[in-house]
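Have a look at the structure below before the remarks.
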Amino acid sequence: MIVLSVFLIASVVTIVNSIDLTVLTIYGYTRYFNPVIPRAGHLRVDKHSLGVIDISPDHDRTIESSGFFFNVNTVFGRLPFVCLGVADADRDYLIHRAGDSLGEGRMPIAGMPEAVVSEGIVRNRRLKLGDVIASPADSGALLSVPDPVKLVGILHGPTWIAFTSKQYTDSALPLVPHSVLVTTHNVKDQVSFGDSLFNTLDKRRVEVFSFHSLVNELRSTLSSMYLIMALVNGTVIFVVAMMAGMLSNIYFTQRVSEFAVLSAIGLRRRTLILHAVSETAILTSIGWVLGILVTWGMMSALRGRVFEPRGMLINPHDLFAYAYTLPIPIFITLFAIATISIRLNQLDPVTIIERR
């Protein structure tokens with residue numbers, strides 16, 4: 001019962017957290033560079049905003065970028081993901097900065113409808129080299145392309161990014177707004193720098209994609225879901241603790257003569273309580289560990305075959321999900337302490353032994 005309860009709670013929390021993990025993965029590139037996008041009606045970022053960026057002390061590079069969008073699978077449905085059109089040198093710089101590297105295939109040829117994308121996107125879309133990642137026939141695309149764009153390279157690494165040549169996007173999509181990608185001297189300063197840009201730049205002129213702004217928006221959106229999850233898990237934990245406590249009472253009743261004999265030969269009530277409770281604590285701890293192992297095994301087995309192709313990025317090693325199950329063994333043990341202590345304090349060994 002404890003194993004199944006731990007599996008239920010941990011798997012539910014892991015799946016709910018996949019929403020958070022999916023969005024953070026999709027927009028994880030904002031930890032390495034911050035896109036600054038002109039507002040509607042403008043093709044390029046205005047000079048005033050560029051000037052504010054240039055005088056920032058942590059600023060390193062401002063890279064002009066154009067691009068197109070293709071869809072990726074998520075728990076929310078299909079969402080647009082940007083394929084950045086930048087110069088070759090800037091592309092190599094950003095890939096290295098994000099911790100990725102070319103693992104298969106090659107880089108796009110200048111002016112050709114080709115793209116290189118991260119392996120996470122490849123798994124998400126079930127792509128292989130030579131497949132088309134975007135085409136004029138795509139439905140629901142935020143910004144369609146005039147030509148089929150082929151996948152010619154796969155990047156290995158943790159960050160989801162996609163690149164094409166700037167020559168292609170400039171010629172094929174001349175009216176698409178050009179954003180700038182802003183980086184810092186030190187990668188570790190990028191997140192705080194993005195927050196500074198988000199708070200400093202005029203939001204009527206540009207939109208800044210910063211890591212924390214995306215995270216805060218996501219957490220605010222999911223706050224009700226997390227509340228519901230907490231209430232459901234709390235109810236499950238309470239019910240399991242009550243049932244386990246009742247079972248402890250039943251087992252104790254079956255062994256009451258044993259405790260009566262131990263009490264009659266001189267063992268203190270405190271020792272008997274410690275003996276009974278320690279058995280409960282050991283059994284619940286073993287059940288909790290087995291539940292964690294079962295959850296980890298099931299989530300690991302289903303991760304690549306079931307969840308990722310459907311746009312759900314789960315983490316079988318999610319410590320938060322496992323920490324959520326800790327109240328199960330704790331509350332069961334506390335419930336056992338309360339109930340067994342009362343029974344032992346009311347125990348009359350002489351009467352029980354005479355009846356036996």
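Each reported figure results from applying straightforward, stated rules to the coordinates on display, with no laboratory input. Note that the coordinates shown come from a computational prediction; the quantities given were computed from them, not determined experimentally. So basically every Cβ, Gly included, is an ideal-geometry build from the backbone, and we count neighbours across all protein chains shown.
Which cross-chain or sequence-distant (5 or more) residues have an amide H under 5 Å from the amide H of Phe81, H modelled 1.01 Å from N in plane?
Those lying under 5 Å, H to H, from Phe81 are Phe70, Asn71, Val72.
Starting at the first residue of segment 76-92, write each ³J(HN,Hα) from the Karplus equation 6.51 cos²θ - 1.76 cosθ + 1.60 with θ = phi - 60°, in whole Hz, x for Gly and Pro.
With coefficients 6.51, -1.76 and 1.60, one gets 8, x, 7, 10, x, 10, 8, 9, 7, x, 10, 5, 4, 5, 5, 4, 4 Hz.
Mind ordering 169-176, 118-125 by average Cβ neighbours within 10 Å, highest first?
118-125, 169-176
Which of the peptides 160-166, 95-101 is most tightly packed, and how do the rest follow, judged by the mean count of other Cβ atoms within 10 Å per residue?
Descending packing order for the listed peptides: 160-166, 95-101.
What are the lysines whose alpha-carbon lies under 23 Å from the alpha-carbon of Lys203, with same-chain residues fewer than 8 places away excluded?
Cα-Cα hits under 23 Å: Lys47.
Could you name the lysines in cross-link range of Lys128, using Cα to Cα under 24 Å and dropping any fewer than eight places away on the same chain?
Lys150, Lys166
Mind listing the long-range amide H neighbours of Phe33? Cut-off is under 5 Å, sequence gap 5 or more, other chains count too, H placed in the peptide plane at 1.01 Å from N.
none
Hey, with R₀ at 35 Å, roughly what FRET efficiency would Leu4 and Thr271 work out to, going by the Cβ-Cβ distance, to 0.05?
On the way: r = 33 Å, r/R0 = 0.95.
That pair, Leu4 with Thr271, gives E of 0.60.
What list of ³J(HN,Hα) couplings, whole Hz, do you get for segment 53-61 from phi and the Karplus terms 6.51, -1.76, 1.60, once you set θ to phi - 60° and write x for glycine and proline?
Couplings: 5, 5, 8, 5, x, 8, 5, 10, 10 Hz.
Let me check I've understood the local charge: for Glu64, count other residues with C-beta under 12 angstrom from its C-beta, Lys and Arg +1, Asp and Glu -1. What total comes out?
Values: positive: Arg44, Arg61, Lys166; negative: Asp90, Asp170.
With Lys, Arg at +1 and Asp, Glu at -1, the net is +1.
Tilt of helix 211-221 relative to the longest C-alpha principal axis of the chain, in degrees (0 to 90, nearest 10)?
Between helix and principal axis, roughly 50 degrees.
Please report, in whole Å, how far the alpha carbons of the chain spread along each principal axis, starting with the longest.
Taking max minus min along each principal axis of the Cα atoms, the chain gives 99, 43, 31 Å.
In whole Å, what is the distance between the alpha-carbon centres of segment 305-329 and segment 70-92?
Their Cα centres are 26 Å away from one another.
Net charge near Asp170, counting Lys/Arg +1 and Asp/Glu -1 over other residues with Cβ under 13 Å of its Cβ?
Local net charge: +1.
Can you give the helix-only mean residue ellipticity at 222 nm for the chain, where every DSSP H stretch with n ≥ 4 adds -39500 (n - 2.57) and the sum goes over all residues, rounded to the nearest 500 deg cm²/dmol?
Counting only the DSSP helices, I get -17000 deg cm²/dmol.
How big is segment 161-202 by Rg and Dmax over its Cα atoms, in Å?
For segment 161-202, the Cα radius of gyration and maximum Cα-Cα distance read 14.1, 36 Å.
Restricting to the chain, compute how many DSSP beta bridges are antiparallel as a %, nearest 5.
For the chain, the DSSP antiparallel bridge percentage is about 75.
What does the charge count around Pro113 come to, taking other residues whose C-beta lies under 15 Å from its C-beta (Lys +1, Arg +1, Asp -1, Glu -1)?
-2
In nm, what is the difference between 0.36 nm times the number of residues separating Ile330 and Asp54 and their Cα-Cα distance?
Separation in residues times 0.36 nm, less the Cα-Cα distance, equals 93.8 nm.
Through the Karplus equation 6.51 cos²θ - 1.76 cosθ + 1.60, θ set to phi - 60°, convert the phi angles of segment 328-340 into ³J(HN,Hα) values in whole Hz; use x for Gly and Pro.
Ordered by residue, 3J(HN,Hα) equals 4, x, 5, 5, 4, 5, 5, 4, 5, 4, 5, 6, 5 Hz.
When you have a sec, figure out the Kirkwood radius of segment 28-208 from all distinct Cα pair distances and drop it here in Å to one decimal?
When all Cα pairs of segment 28-208 are included, the Kirkwood radius is 16.7 Å.
Val206's amide H: which non-local residues (gap 5+, or another chain) put their own amide H closer than 5 Å, with H modeled 1.01 Å from N in plane and none for Pro or chain starts?
Arg39
Which listed residue (Val277, Val75, Ser11) has the Cα farthest towards the positive end of the charge dipole for the chain, taking +1 on Lys and Arg C-beta and -1 on Asp and Glu C-beta about the Cα centre?
Towards the positive end, the residue furthest out is Val277.
Could you give the size of the charge dipole of the chain about its Cα centre, using +1 on the Cβ of each K and R and -1 on the Cβ of each D and E, expressed in debye and rounded to the nearest 20?
My answer is approximately 1080 debye.
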